[in-house]
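**Student:** Input: one structure, supplied below.
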Amino acid sequence: MSESLEKVMYWFRQDLRLHDNIALKKAHAISKDILHVACNLTDEQTPWGFKRHSLNRHIFRRQAIEALGNTLAKHNQIFICLNGAINSDLNDASDTLTHHSNGASINLKTTRLIIDLARQHNIQNIFCEVLETPEEQQQVKELENAGLIVHGSVQSSLYEDNQLPFTVAQTPDIFTNFRQSVEQSNKFKAQEQPHNPLASLFPITKKSNNPFLNNALLATPVDHRSSFPFDLEPWLGDENSALQHVSRYFLSPNPQTYKLTRNALTGIDYSTHFSPWLANGALSPRTIWQALKKHEQMQGANDSTYWIGFELLWREHFRLMGRKHGAALFKQNGLKNIPQRNQSQSSQPPHQSHQSQQTFKGALAHQNQRQSTHDRASQSATQTDQNFQRWQTGETDHPFINAAMRELVTTGFLSNRLRQIVASYAIHDLGINWLFGAAWFEHCLIDYDVHSNQGNWAYIAGVGTDPRGGRQFNTDKQMKEYDPQGLYQKRWQA
Ligand code: FAD
């Protein structure tokens with residue numbers, strides 16, 4: 001597209017940032033008149049008997065949206081935050097923000113709202129990032145079916161597609177092969193700088209005051225035991241907080257010992273804590289990569305600094321697996337073309353086994369593609385319901401699991417070690433369908449990311465791409481190793 005366009009819309013999805021945003025850059029290159037739009041999470045109920053998004057998830061995303069709107073408003077850019085009502089004064093972004101952030105949610109479909117808004121403004125062209133997951137692809141189809149032209153850009157990965165030594169379709173399924181291949185390739189190094197397209201248009205200034213003080217919902221306190229206390233200024237969900245956290249982290253000595261501390265269960269500095277900002281898009285992985293390389297130059301590279309990059313490559317691999325394998329990753333059998341072992345129950349959601357239609361995303365989106373042949377021998381549906389509920393609410397027979405599940409629900413965050421342990425316990429000890437577990441994580445996690453979540457659950461269930469099959473953790477052994485004095489359990493006692 002070479003000629004400039006009249007008014008266009010920029011639709012922020014999982015890219016709630018101004019830095020390193022290729023799609024936003026394209027919109028600004030083509031038009032001077034841009035309506036910026038972001039949507040709060042919807043309030044829908046899932047057929048599983050719980051809401052799709054926890055309050056923690058709502059708040060964390062809204063922090064990012066509100067700050068983004070404030071920054072855009074300061075630069076006389078129009079910004080609308082949608083969560084139902086769309087009649088506010090579009091010329092006053094801050095009024096719009098206040099109006100739309102009062103907790104009211106009308107639950108209209110996001111695409112319906114965007115289509116209506118585009119029509120009100122005579123907009124035909126919408127720019128956004130491409131999200132190659134089933135529900136998000138459906139959203140774009142709906143916009144196109146309504147006559148809108150959607151200009152999508154793939155972004156929010158470490159590598160751009162042309163920096164990979166293979167096509168997305170040829171991405172090695174085995175992580176080690178993928179990692180070695182990208183590490184040996186020199187395609188990425190030349191361009192590892194993040195894009196900073198709007199630096200001159202929208203400089204990211206230091207926050208002079210807290211933009212969230214007037215909003216009661218955003219001031220909801222987070223449990224003081226949280227490892228990610230996002231009611232406190234350094235941990236808010238917005239881009240500024242994310243960038244400041246990256247600077248602080250890489251100026252600290254923590255990266256030098258990351259590999260030794262990353263398996264800890266609790267605390268604010270045992271691991272990088274980048275994931276919540278990566279998930280809502282307030283932070284780009286290329287920004288982290290650049291800061292990591294700078295840290296290595298200044299303070300030295302070692303096993304620990306390498307391992308931060310190594311973990312970011314896991315994120316990258318799960319994203320590429322999601323793009324390569326698409327809807328298959330949401331099926332009961334995942335990427336394995338074999339009947340499930342050890343998952344005896346129907347893939348109907350507990351409480352609602354009469355439901356035949358699920359139209360929601362992520363882990364939930366494809367669970368209705370049931371396998372008529374899968375083994376459902378050993379447990380009754382009632383037993384399954386009970387196990388799932390006991391696991392969700394932290395009322396299993398295992399105090400270590402219960403403590404972790406309480407932390408997850410209360411704070412929306414959980415260490416990687418504990419995520420592995422509770423997922424393994426759900427799948428391999430309680431026989432819970434891995435899709436149910438993934439759905440509960442989708443509800444709870446402030447860093448919920450469809451690719452990382454689905455990929456990790458499939459990995460533990462043994463239906464992902466890992467050649468070694470599933471991962472079963474011995475919960476007692478893990479408890480003895482990581483919580484020998486029971487301090488973690490005490491911390492999260494009922
Ligand atoms: P660090 O240990 O500091 O790692 C740095 C970054 O590397 C992380 O921010 C993350 O982007 C990436 N990373 C690290 N470990 C993994 C991993 N196993 N898979 C993919 N990326 C990784 N991560 C999410 O971001 N969203 C999810 O929804 C999610 N669901 C998970 C579900 C299960 C069952 C398991 C076992 C893991 C899940 N993870 C998920 C991966 C991992 O637990 C988190 O990324 C990590 O705990 C976040 O903390 P951190 O940023 O301090 O990570």
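**Student:** If the label point is 7 Å along Cα→Cβ of Gln137, which residues in the stretch 320-336 have backbone nitrogen under 14 Å from it?
**Tutor:** Once the point is set 7 Å along Cα→Cβ of Gln137, 320-331 turn out to lie under 14 Å by backbone N, inside the stretch 320-336.
**Student:** Under a plain spin-label model, where a point goes 7 Å from the Cα along Cα-to-Cβ, how far apart in nm are Gln386 and Lys187?
**Tutor:** Distance between label points: 5.4 nm.
**Student:** If you stretched the chain out fully between Leu251 and Ala146, how much longer would it get, using 0.36 nm times the residue separation minus the C-alpha to C-alpha distance?
**Tutor:** Difference between extended and current length: 32.9 nm.
**Student:** Between Leu487 and Lys74, what is the label-to-label distance in nm when each label sits 7 Å out along the Cα-to-Cβ direction?
**Tutor:** 4.0 nm
**Student:** Using every pair of alpha-carbon atoms in the stretch 1-83, split the distances into 10 Å bins beginning at 0 and state the percent of pairs per bin, rounded to integers.
**Tutor:** The distribution over the stretch 1-83 is 16, 43, 25, 13, 3, 0, given as percents.
**Student:** Once you put a point 7 Å from the Cα of Glu233 and another 7 Å from the Cα of Lys477, both along the Cβ direction, what distance in nm separates them?
**Tutor:** It works out to 4.7 nm between the two label points.
**Student:** Would you mind pulling out the separation of the Cα centroids of the stretch 277-298 and the stretch 417-494, in Å?
**Tutor:** Here the two parts' Cα centres lie 26 Å apart.
**Student:** So for the stretch 417-494, what are the equivalent ellipsoid semi-axes in whole Å, largest first, each being the square root of 5 times an eigenvalue of the Cα gyration tensor?
**Tutor:** 22, 16, 11
**Student:** Next question. Can you list residues whose amide H is under 5 Å from Ser153's amide H, if they're 5+ apart or on another chain and H is modeled 1.01 Å from N?
**Tutor:** Cys128, Glu129, Val130
**Student:** Please state, as a whole number in µm²/s, the translational diffusion coefficient that the Stokes-Einstein equation yields for the stretch 412-452 at 37 °C and 0.692 mPa s, with Rh defined as the Kirkwood radius across alpha carbon pairs.
**Tutor:** This corresponds to a translational diffusion coefficient of 314 µm²/s.
**Student:** Residue by residue through the stretch 110-119, which ³J(HN,Hα) values in whole Hz follow from phi under the Karplus form 6.51 cos²θ - 1.76 cosθ + 1.60 (θ = phi - 60°), with glycine and proline marked x?
**Tutor:** 3, 5, 4, 5, 5, 4, 4, 5, 4, 5
**Student:** Also, quick follow-up: Please go through the residue pairs Lys7/Lys74; Lys141/Lys331; Lys32/Lys324; Lys7/Lys324; Lys32/Lys109 and name each one whose alpha carbons sit more than 24 Å apart in this structure.
**Tutor:** Lys32/Lys324; Lys7/Lys324; Lys32/Lys109
**Student:** Subtracting the Cα-Cα distance from 0.36 nm times the residue separation, let me have the gained length for Leu260 to Met298 in nm, one decimal.
**Tutor:** Stretched out fully, the Leu260 to Met298 stretch lengthens by 11.6 nm.
**Student:** Compute the FRET efficiency between Thr167 and Lys7 as 1/(1 + (r/R0)^6), taking r as their Cβ-Cβ distance and R0 = 45 Å, and round to the nearest 0.05.
**Tutor:** 0.80
**Student:** Rounded to the nearest 0.05, what FRET efficiency do Ala494 and Lys51 have when you use their Cβ-Cβ distance and R0 = 25 Å?
**Tutor:** My answer for the efficiency is 0.65.
Read-outs: derived from the displayed coordinates by stated rules, not from any lab. These figures come from a predicted structure and were not determined experimentally. Neighbour counts are summed over all protein chains in view; Cβ atoms, including those assigned to glycine, are modelled from backbone coordinates with ideal geometry.
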